[in-house]
Amino acid sequence: MALQIATTSQFSNSPTTFFNFQNWNFNPVSFTEIFSFIGINTTSALVVATQIKNYINDPGTAIYSEYRVTTTVEYLEGNVEWINITGAISGASSPGYLLSNSNLLVNTTINFQNLNNIPSGNRVARVLFTVKGKLSNDTFQTVDTIPYFVKLYRLGFGDVLTSPAEVNFFHIIGQTLPAAIPVTINCLGAFNLFISKDYYANGGNITFAENFETTRRFSGTGTQTVNIYPTISIENLGVSNPFHTSEFLVVKAAGQQDSTVVRMVQQTTPYYVIDETALTFNAIKQVQEASPQVLNLIGIGTFTITKPSWLTVTPLSGSNIQQITVSPVSSANLQEAVYVGKIIIDVSTDSKNIEIDVIYTVLGAINLGALTTGVNFTDDDSTISSFHNPFAKKATILIDTLAYDYDIALSTAHLNQFETVFNKNKAEFYLGSVIKRCMKSLKDPIIGINPLGMVNSLIFSVKKYYNPSFSKVIASLDTVTAIPQVLSTTYNELYFIKGRRPSRISVNLGIIDYNESAIRVTKNSFHLLNLYSATSRFRIIVLRNNQIVNTSPPLAGSAKLAGFKINFNTFLPGDIIEAILVTQTPTSVNGQDVKGHRQKYIVFPTCKYSNNIAWEDEHGLMQVLEFTGNYVFSAEIEGKTKKVYKNFTEVFEKYGHSQEVLLECNTGWILKENQERIDSLMKSKKAWLYRSNNNYLSIIPVSSKIVNDDSNQATYAYNVEFKINPKNDFENFTF
Amino acid sequence: MNYDNFTKLNLFENPEANVLGNQIMTNILRQKNDNINFCITGDVARYIQDSSVGPIKVISFITDQEPLFIFFRDILPGLLNFNKVIKLSNQAQIESFPLFVECFYTTTALNVLDVDDFDVQALSDIPSYII
């Protein structure tokens with residue numbers, strides 16, 4: 001038996017692999033804050049885990065034979081050197097720390113010195129990691145400079161500082177109260193401590209002083225660590241949403257103060273909540289990386305996280321309140337594409353996982369926009385090509401297009417070259433719009449499908465329109481780097497249909513009609529169901545009131561656009577008809593079980609008049625609507641004369657005439673939602689009024705207005721005015 | 001000559017997966033006619049050698065030739081129109097239809113066996129983490 005494929009795909013999880021390209025990363029992140037009291041000369045050294053960017057695997061800097069990193073320190077205020085750096089980078093001899101693929105994670109230790117020369121106040125120092133690349137002539141060129149900031153808070157005699165900045169308690173009502181949490185108070189001299197009456201404090205040298213309405217006061221002296229813990233009265237606050245908050249406030253006599261936030265998550269049974277359910281990241285290779293985003297997971301219990309391989313999630317497990325940092329991997333590790341995945345948080349206290357959808361879009365230097373598989377639509381803004389590069393000055397787009405005629409497979413080749421300049425590392429080009437200009441337009445209506453010649457079959461005379469245009473595109477960028485480069489990408493097969501992408505289309509099969517409203521028809525109507533099909537086999541199924549009444553023979557997709565005529569003369573007023581595109585023969589006669597793209601029709605009673613008007617829609621295909629209201633031709637003929645002299649007398653002489661013939665036609669009752677089809681007609685430059693089989697009038701839509709509105713039935717009637725283009729001066733316009 | 005053993009021997013139930021395997025092998029063999037340094041690994045190789053694995057989640061390949069690995073990771077996706085590629089130091093992950101494809105690079109010399117006309121990594125050598 002052949003090997004089966006699981007419904008869910010998954011990659012192997014290698015324990016020894018790492019991303020081919022990593023960017024700079026510091027832990028703790030820059031800017032780090034350091035607190036020290038005046039009068040104290042030392043503070044603990046700060047060890048910074050330093051992930052060095054992998055310049056060796058960075059495609060944008062491949063012109064150097066080796067890379068060296070050095071560190072220097074800059075002070076933003078004063079001239080006291082209050083830090084020095086030790087570690088692998090600073091300890092390397094000149095010309096610096098030599099990078100390889102395996103020595104990119106190092107510790108950088110920031111030691112503090114000379115603090116007795118620094119008065120109270122804030123100071124900032126910048127540790128600069130300078131990367132130099134070795135050129136072919138053995139000289140070094142600066143490639144990158146990355147800063148790491150350290151901020152020193154030098155606290156004065158009157159200052160106070162509590163640490164940590166927040167403490168979190170977790171409690172299930174009715175169970176044992178949580179244990180005490182230590183908080184350090186840094187200060188010189190006496191202080192007062194205020195906490196909520198739902199908590200108590202002990203430890204150090206603090207003593208209880210008094211109770212207020214909602215708080216307790218303790219007093220103490222000097223730097224020390226005290227414990228804070230909740231009392232049973234905390235349960236009176238009930239379930240938290242997501243937490244109850246209070247303060248651990250330390251106040252000095254002179255008024256200086258600092259506080260630690262005290263949070264209590266209190267629930268009757270353990271559960272978790274999350275503050276985001278979807279994350280979106282965007283990166284442009286070599287220009288802009290995606291910034292990390294933070295999820296706040298709040299609740300009681302433990303959790304573990306699974307994630308797509310292109311995301312870094314920290315931490316991957318934990319308990320209770322956690323800030324979860326989500327960072328996409330550097331775009332240099334990924335091909336340009338849209339990556340879609342889920343972060344799944346498996347919480348111990350709930351059988352249902354928390355899922356966060358993640359979309360990571362990676363753009364490259366050249367982003368075509370248009371699809372390279374399936375068809376594109378010329379008026380979609382997704383066909384706008386974008387170019388991103390920090391070193392490019394212009395983008396050149398060479399487009400070789402074959403545009404096809406209607407009905408016959410003749411094509412015209414168009415070869416065009418365009419250039420667009422870069423501004424702020426970016427350039428854009430509307431590919432779809434340019435290709436649309438190469439494509440043909442419908443000159444004449446399809447003939448031979450007039451309802452006067454209608455037969456009883458439901459479906460289907462077929463009419464071919466045009467083949468989607470076929471283009472080859474070469475996009476290239478000229479860069480102005482030390483060694484100029486031309487980045488180029490070739491796209492060999494791009495197919496375009498005019499207009500906007502309709503929703504009723506899959507990769508190989510669809511209804512090419514952006515407007516999706518049900519269509520009002522009568523027994524005298526016919527409709528052209530316009531399709532694109534590139535699938536090997538499909539059928540059209542007709543439903544009458546949800547029961548299958550007709551199934552076409554299997555039709556072969558030819559990657560072309562075609563209109564399938566549907567007649568309605570066998571149906572009755574009130575019938576709801578649906579045409580459905582299917583790739584497999586349905587097994588049930590019940591229409592609701594049939595899966596496929598659908599077009600709905602509602603059959604109205606026939607009227608005194610029936611005029612089928614066709615027009616070219618945004619896709620360059622023919623749309624038809626039966627006008628069942630009255631119509632009026634109005635012709636105005638104006639003779640053109642000039643003055644001439646005959647026998648010394650001024651007389652008029654006619655030298656021609658001008659003629660304007662208008663047609664005003666009422667739609668009859670149509671569905672309210674058919675407004676979009678009237679709009680389509682009005683925006684069309686070409687329309688035709690069928691007069692008899694193979695005979696039509698060329699008309700131009702001029703204006704439309706609603707003349708009747710039946711709000712109970714949700715139906716409208718429009719008067720539409722057309723100008724008539726006569727075939728010759730002597731044509732008579734009556735029926 | 002193009003490689004088509006996946007289809008000829010009907011390895012996968014889904015014919016699209018067999019075509020995918022053929023395409024990859026054809027392009028790899030064009031890089032190096034002697035295919036001894038590139039072979040199937042993971043559950044697919046386990047299946048070919050003892051038929052005891054269930055539905056697979058990924059087609060895994062392995063090579064001990066760095067140029068072949070770099071070709072797979074950096075060039076092949078463009079040739080086969082794969083646009084979702086995750087590039088790791090010793091693993092290339094390709095999100096493709098109808099299933100994922102991956103290739104590992106190992107510095108340990110491969111022991112490649114010919115089983116039923118497929119080049120596979122010897123069962124005892126397949127790392128347990130490769131599914």
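The values are calculated or read from the model by the stated rules, or taken from the named source; none is laboratory data. The shown structure was predicted, so the numbers you read here are calculated from the model rather than taken from an experiment. When we count neighbours, we look across all protein chains shown, and the Cβ atoms used for this are built from the backbone with ideal geometry, even at glycine.
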Which condition breaks for A:THR412 when tested against (1) over 23 Å from the mean Cα position of the chain (by Cα); (2) under 30 Å from A:SER240 (Cβ atoms); (3) of a type outside the set (Asp, Glu); (4) surrounded by fewer than 16 Cβ atoms within 10 Å (Cβ to Cβ)? (2)
Failed criterion for A:THR522 (all others in (1) over 17 Å from A:ALA614 (Cβ atoms); (2) at pLDDT 90 or above hold): (1)
Select, from A:THR108, A:THR70, A:THR86, the only residue that is over 18 Å from A:THR145 (Cβ atoms), in a strand (DSSP E or B) and β-branched (Val, Ile, Thr). A:THR86
Can you find a residue that is hydroxyl-bearing (Ser, Thr, Tyr) and touching a Lys or Arg at 6+ places or on another chain (Cβ under 8 Å) anywhere in segment A:213-222? yes
Only residues that are touching a residue at least 24 places away in the same chain (Cβ under 8 Å), among the hydroxyl-bearing types (Ser, Thr, Tyr) and out of contact with any Ser or Thr (no Cβ under 7 Å at 6 or more places or on another chain): list them for segment A:327-353, please. A:SER330, A:SER331, A:TYR339, A:THR349
Which of (1) of a type outside the set (S, T, N, Q); (2) modelled with pLDDT of 90 or more; (3) under 25 Å from A:PHE470 (Cα atoms); (4) crowded, with 18+ Cβ neighbours inside 10 Å does A:ARG500 not meet, given it meets every other one? (4)
What are the residues in segment A:554-579 that are more than 25 Å from A:ASN467 (Cβ to Cβ) and assigned to a strand (DSSP E or B), if any? A:ASN567, A:ILE576, A:ILE577, A:GLU578
A:GLN51 fails exactly one of (1) in contact with a strand residue (DSSP E or B) (Cβ under 6 Å, 6 or more places away or on another chain); (2) free of Cβ contacts under 8 Å to residues at least 60 places away in the same chain; (3) under 23 Å from A:TYR97 (Cβ atoms); (4) loosely packed, with under 14 Cβ neighbours inside 10 Å, namely (4)
Can you tell me which residue among B:ILE28, B:ILE131, B:ILE24 is more than 7 Å from every other protein chain (Cβ to nearest Cβ), surrounded by 15 or more Cβ atoms within 10 Å (Cβ to Cβ), touching a residue at least 60 places away in the same chain (Cβ under 8 Å) and outside any strand (DSSP E or B)? B:ILE24
Return only the number of the condition from (1) modelled with pLDDT under 85; (2) farther than 27 Å from A:ASP407 by Cα that A:PRO554 does not satisfy. (2)
Filter result for A:GLN257 (within 30 Å of A:GLU355 (Cα to Cα) and either polar (S, T, N, Q) or loosely packed, with under 15 Cβ neighbours inside 10 Å (or both)): no
Can you pull out every residue in segment A:352-367 that is surrounded by 22 or more Cβ atoms within 10 Å (Cβ to Cβ) and within 12 Å of chain B (Cβ to nearest Cβ)? A:TYR360, A:VAL362, A:GLY364
Would you check which residues across segment A:34-61 are within 27 Å of A:SER331 (Cβ to Cβ), part of a loop (DSSP other than H, G, I, E, B) and away from chain B (no Cβ under 14 Å) and list them? A:ILE52, A:LYS53, A:TYR55
Within segment B:99-128, which residues are over 14 Å from A:THR16 (Cα atoms), touching a helix residue (DSSP H, G or I) at 6+ places or on another chain (Cβ under 9 Å) and not in a strand (DSSP E or B)? B:LEU99, B:ALA109, B:LEU110, B:ASN111, B:ASP116, B:ASP117, B:ALA122, B:LEU123, B:ILE126
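So which of A:PHE26, A:PHE11, A:PHE31, A:PHE19 ends up being out of contact with any Asp or Glu (no Cβ under 9 Å at 6 or more places or on another chain) and facing chain B (nearest Cβ under 7 Å)?
So the residue among A:PHE26, A:PHE11, A:PHE31, A:PHE19 that is out of contact with any Asp or Glu (no Cβ under 9 Å at 6 or more places or on another chain) and facing chain B (nearest Cβ under 7 Å) is A:PHE19.
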So which of A:TYR601, A:TYR491 ends up being within 30 Å of A:ILE384 (Cα to Cα), outside any loop (DSSP other than H, G, I, E, B) and among the aromatic types (Phe, Trp, Tyr)? A:TYR491
In segment A:124-171, what residues are polar (S, T, N, Q) and farther than 30 Å from A:CYS187 by Cβ? A:THR130, A:SER136, A:ASN137, A:THR139, A:GLN141, A:THR142, A:THR145
Of the residues in segment A:651-674, those that are under 36 Å from the mean Cα position of the chain (by Cα) and either in contact (Cβ under 8 Å) with a residue 60 or more places away in the chain or crowded, with 17+ Cβ neighbours inside 10 Å (or both) come to A:LEU671, A:GLU673, A:ASN674
Do we find that B:THR7 is polar (S, T, N, Q), more than 9 Å from chain A (Cβ to nearest Cβ) and not in a helix (DSSP H, G or I) in this structure? no
Whether any residue in segment A:543-555 is within 36 Å of the chain's Cα centre (by Cα) and small (Gly, Ala, Ser) is what I want to check. no
In a loop (DSSP other than H, G, I, E, B), within 30 Å of A:ASN137 (Cα to Cα) and within 14 Å of another protein chain (Cβ to nearest Cβ): is that true of A:SER65 in this structure? no
Could you give every pair whose Cβ atoms fall below 6 Å, whose first residue belongs to segment A:2-18 and is at pLDDT below 85, and whose second residue is surrounded by 15 or more Cβ atoms within 10 Å (Cβ to Cβ) and assigned to a loop (DSSP other than H, G, I, E, B), counting only separations of at least 6 or pairs across chains? A:THR17/B:SER89; A:THR17/B:ASN90; A:PHE18/B:SER89
Scan segment A:566-581 for residues that are crowded, with 18+ Cβ neighbours inside 10 Å and either within 38 Å of the chain's Cα centre (by Cα) or of a type in the set (S, T, N, Q) (or both) and jot them down. A:ASN567, A:ILE577, A:GLU578, A:ALA579, A:ILE580, A:LEU581
Which one of A:GLY620, A:GLY629, A:GLY668, A:GLY639 is of a type in the set (Gly, Ala, Ser) and modelled with pLDDT of 90 or more? A:GLY620
Subset of segment B:69-98 that is facing another protein chain (nearest Cβ under 8 Å) and assigned to a loop (DSSP other than H, G, I, E, B) - its residue that is surrounded by the most Cβ atoms within 10 Å (Cβ to Cβ): B:GLU95
For a quick check of your reading: which strands (runs of 3 or more DSSP E) sit entirely within segment A:217-315 and have at least 2 residues that are closer than 30 Å to A:SER386 by Cβ? A:278-284, A:293-299, A:311-314
All but one of (1) among the β-branched types (Val, Ile, Thr); (2) facing another protein chain (nearest Cβ under 9 Å); (3) out of contact with any Leu (no Cβ under 9 Å at 6 or more places or on another chain) hold for B:VAL58; state the number of the condition that does not hold. (3)
How many residues, within segment A:319-331, are over 20 Å from the mean Cα position of the chain (by Cα) and buried (at least 17 other Cβ atoms within 10 Å of the Cβ)? 4
